[in-house]
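Just so it is clear, none of the values below were taken in a lab; they were calculated from the coordinates. It should be emphasised that the depicted structure is a prediction, and the values quoted were computed from it without experimental measurement. Glycine also receives a Cβ, built like all others from the backbone with ideal geometry; neighbour counts cover every protein chain displayed.
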Amino acid sequence: MSGLLDKANTAAQQASEDEAAEPATPAPVKAETMSPTPAAAKAAVSGGADDGLPIPAILSSVGGLGLFVGLLLSLQGGFIPFFVTGVVLLIAVGAIVLADQVQGKDLNVVKTGGAVVLAVLIAIVPYTAGVVAPDGDTLVISEVSLDEANDRLEFKVRGSFDATTVTVSTAPDCDGTVGDAPEVVWEDTLSLERDYVNVKPMLADFFCGNAYDAVNNVIRTYTVTATDGGDLSASFELDASQMTRTPLESGVRIAPVFETSQGTAQDPSKTTFEGITIELMAGLLPDSHRHVDGADHTTSDDIRTVQGDYTITLKIKKGTSTVWTHPLITVDGLDASWSSSVSGTRSGDMNGWLALSGNTEENFQEYVSKSALDYENEKYTFEVILDVGTSSGGTVITHSDVCWNLDFEDGDEYNSNWDAPSC
């Protein structure tokens, strides 16, 4: 009996040890279905930030840009029709409101109201200041500029009257005399449209002399005046620097060009004179300016550049014979251009020394060859002809005093063994 009990206890103990050795199997867990939040659903619809710029941000940007464009249109002061500006501003406000709507937000009264008020101010204030305000009690000249490309003065006269008479006057008179009143050199009566009129007198119709001299003294004034035919008038004085358009002086300087051959033990290297480079300037220079020994000119720091329309011709003369002529240089404002026989179209500016062309080129440098100069140790004159007709009525100014005795053939590239004293 006790043997049976022992066996039973042994079996029960073995079963307990087997259960402890087996790994526990977790109970199955029931999966719960999670509903997406409204914000996550909208992010999915819009594609999320990673898929590109969110639609609300795009609409806000469109709204801000629309307000800016509307401001630019409104500042045109009547040139752009009012309804065009209104449509642009309406689209801008709509985009700002829609930016909140697509996010499911309630209408932001403060934000929307601010956008509407800003749009109204943009639309109304510039128009009122620029168009409505001149109601017969005001006459305004504005937006003055010099159109150098078309050689004319441009400005606007604003008001609400039917027509305006505009004049340009100068003092002293164009012939140099001083009268009791400035001389009227241009006049026109113009009808107003949209409460303003564009005025575009050609420079050639009223310009008759420089406003500045070489040392920046004002020697002539130009005054623009607009009237409504009654008591209203406005005037302003043109900028003296812009009304200094005629070059009266010129300067030339030259430099020899040398070439050194490759030498050998039997045939040593040799340096030969090949030609000259030329530089030119034109504008207003003080009376002290002069050409000096060494084929040079006194300092050009005191040159007053001239923004005008003229042409330049340079001739090289050996004795009384012209041996070479530079291609005609056309100046428009400060921009100079010409056609080189070596490299085609060339350009530069007249704000100082202008490097000219030649008839040959070496190492990217154009120069006038020795053969073109018919070179000898002799006097050479560099004649400059300024045709300032487009600036001041057909005047041609010739400078024939630039002369040097050239002695270059025994020189070298180290600026030695050559001489060029002024004549």
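How large is ³J(HN,Hα), in whole Hz, for each residue of region 211-222 in order, when computed from phi with the Karplus curve 6.51 cos²θ - 1.76 cosθ + 1.60 and θ = phi - 60°, using x for Gly and Pro?
7, 9, 9, 5, 10, 6, 7, 6, 10, 7, 10, 10
Given a Förster distance of 41 angstrom, what is the FRET efficiency for L72 paired with S400, based on the Cβ-Cβ distance and rounded to 0.05?
Efficiency, rounded to the nearest 0.05: 0.15.
Tell me which aspartates and glutamates have Cα within less than 15 Å of K317's Cα, excluding those fewer than 8 residues away on the same chain?
D374, E376, E378, E383, D401
Out of residues 5 or more away from G352 or on other chains, whose amide H comes under 5 Å of its own, with H placed 1.01 Å from N in the peptide plane?
For G352, the qualifying residues are A282.
Over region 148-236, what is the relative contact order in percent, taking alpha-carbon pairs closer than 8 angstrom and at least six residues apart?
That works out to 35 percent.
Residue by residue, what Karplus-based ³J(HN,Hα) values in Hz, rounded to whole numbers, does region 268-274 have, using 6.51, -1.76 and 1.60 with θ = phi - 60° and x for Gly and Pro?
Per residue, the Karplus-derived 3J(HN,Hα) values read x, 4, 9, 9, 10, 7, 10 Hz.
Can you work out the FRET efficiency for the pair A255 and V215, with r the C-beta to C-beta distance and R0 = 35 Å, to the nearest 0.05?
The computed FRET efficiency comes out at 0.75.
Calculate one ³J(HN,Hα) per residue across region 307-315 by plugging θ = phi - 60° into the Karplus curve 6.51 cos²θ - 1.76 cosθ + 1.60, and present them in order as whole Hz with x for glycine and proline.
Per residue, the Karplus-derived 3J(HN,Hα) values read 9, x, 10, 7, 10, 10, 10, 10, 10 Hz.
Multiply the residue separation of N417 and N377 by 0.36 nm, subtract the distance between their alpha-carbon atoms, and state the gained length in nm to one decimal.
Extending this stretch completely gives an extra 13.0 nm.
Compare the peptides 209-222, 179-192 by average per-residue count of other Cβ atoms within 10 angstrom and give them in order, highest first.
209-222, 179-192
How high is the FRET efficiency from S321 to E362, r the C-beta distance, R0 30 Å, rounded to 0.05?
0.70
May I ask you to list the residues of region 393-423 whose amide nitrogen lies under 17 Å from a point 7 Å from Cα along the Cα→beta-carbon direction of V292?
The answer is 402-405, 419-423.
Loop only by DSSP, 15 or fewer other Cβ within 10 Å of the Cβ. Give me the GluC sites (Glu not before Pro) in region 312-400 that pass, ordered by residue number.
E376, E378
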